[in-house]
Amino acid sequence: MKTNPRSAPDVSVRGLTRRFGANTVLRGLDLDIESGEFVALLGRSGSGKTTFLRTLAGLDAVTQGEVRLPANRAVVFQEPRLMPWKKVWQNVTLGLTGADARGRAVAALKEVGLDHRLDAWPATLSGGEAQRVALARALVREPQLLLLDEPFAALDALTRIRMHELVAALWTVHKPSVLLVTHDVDEALLLADRALVLEDGRIRTELKITQPHPRARAMIGFSLMRADLLSALGVDVDGPAGIAKPADTVACRVPDDAKPRRTAPVLRSV
């Protein structure tokens, strides 16, 4: 694995292959992530999303292919992974080097709205608060590449919306390159510049999302882009009132002359 100098923080992956015994999870995968770009990676369970993220994080070795990365990276996992015997600010500075660690923790916690919980114990935090601490722990390292592995999956709907808004705001300020692994199509459309679908170990589908931030589900083209991504994931959305159905079930299709004209960006198969 090679790292780029700080002046070139782009991610470049060429021919990445990952096997577990006889099972090939990633098959000659190619991907570029531009500096400051927010990319969402979708795929069915077992498609290799987390394996790919772990490779970019340096947790799995590159045994076949080439991966070029910025030197400074940070990961936020689905679980906050806080040390219960350390206070909040100590969790944020875990493994951090340099002077004034507590001051840097205070600044990072203030950005996520938790500076009033500096000396709290993890057991006293709500799920949303714990995940914000995990996000602060990533931000305090000023990463050039931020890797998010389904960090909102375990949160309730309202907390998830607030976390979406927080991540979008922090990305706008700090502008790291971001790879978000998610099963949530709406999440990808609300946050990312580009949504990718991983299938059979390769990037099979790409959708560029050009609408400005902040975004909402009511924005022009949202439902059409959502339908395109769901279709790429094997979900039929041609049922009545646009209700999503699994692809192997029978859908009540809308006559062609009754369908609205498509104005949203269309998918590109790669």
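Observations on the structure shown:
- The criterion of being touching a Lys or Arg at 6+ places or on another chain (Cβ under 9 Å), of a type in the set (D, E, K, R) and farther than 28 Å from Leu139 by Cα does not hold for Glu187.
- Single residue of Leu29, Leu42, Leu59, Leu69 found to be crowded, with 20+ Cβ neighbours inside 10 Å and at pLDDT below 95: Leu69
- Ala169 vs. criteria of a type in the set (Gly, Ala, Ser) and in contact (Cβ under 8 Å) with a residue 24 or more places away in the chain: no
- Looking at Arg54, Arg68, just one residue is among the basic types (Lys, Arg) and either out of contact with any Asp or Glu (no Cβ under 6 Å at 6 or more places or on another chain) or part of a strand (DSSP E or B) (or both), and that residue is Arg68.
- In region 93-118, the residue that is nearest to the chain's Cα centre (by Cα) out of those that are among the β-branched types (Val, Ile, Thr) and not in a helix (DSSP H, G or I) is Val112.
- The set of residues in region 211-228 that are among the charged types (D, E, K, R) and either surrounded by fewer than 16 Cβ atoms within 10 Å (Cβ to Cβ) or at pLDDT below 90 (or both) contains only Arg217.
- Conditions (1) at pLDDT below 95; (2) out of contact with any helix residue (DSSP H, G or I) (no Cβ under 6 Å at 6 or more places or on another chain): number failed by Phe152: (2)
- Residue in region 128-144 that is among the charged types (D, E, K, R), part of a loop (DSSP other than H, G, I, E, B) and more than 30 Å from Asn91 (Cβ to Cβ) present: no
- Candidate set: region 175-198, residues that are assigned to a loop (DSSP other than H, G, I, E, B) and buried (at least 20 other Cβ atoms within 10 Å of the Cβ); chosen: the one farthest from the chain's Cα centre (by Cα): Pro176
- Qualifying residue in region 29-48 (condition: closer than 29 Å to Leu230 by Cβ and among the hydroxyl-bearing types (Ser, Thr, Tyr)): yes
- Condition met for Gln90 (without any contact (Cβ under 8 Å) to a residue 24 or more places away in the chain and either assigned to a loop (DSSP other than H, G, I, E, B) or not β-branched (Val, Ile, Thr) (or both)): yes
- For Ala192, the conditions (1) touching a Leu at 6+ places or on another chain (Cβ under 9 Å); (2) over 25 Å from Pro143 (Cα atoms); (3) in contact (Cβ under 8 Å) with a residue 40 or more places away in the chain are fulfilled apart from (2).
- Remark: Leu158 matches the filter, which requires a residue to be assigned to a helix (DSSP H, G or I) and under 27 Å from Ala108 (Cβ atoms).
- Region 38-82, residues that are of a type in the set (Asp, Glu) and farther than 13 Å from Ser12 by Cα: Asp60, Glu79
- Of all residues in region 143-174 being surrounded by 14 or more Cβ atoms within 10 Å (Cβ to Cβ) and among the polar types (S, T, N, Q), the one that is nearest to Glu34 (Cα to Cα): Gln144
- Condition met for Val62 (part of a loop (DSSP other than H, G, I, E, B) and farther than 22 Å from Ala130 by Cβ): yes
The values are calculated or read from the model by the stated rules, or taken from the named source; none is laboratory data. Values in this document were obtained by computation on a predicted structure and should not be read as measured data. Cβ sites come from the backbone with ideal geometry, for glycine too, and all protein chains shown count toward neighbours.
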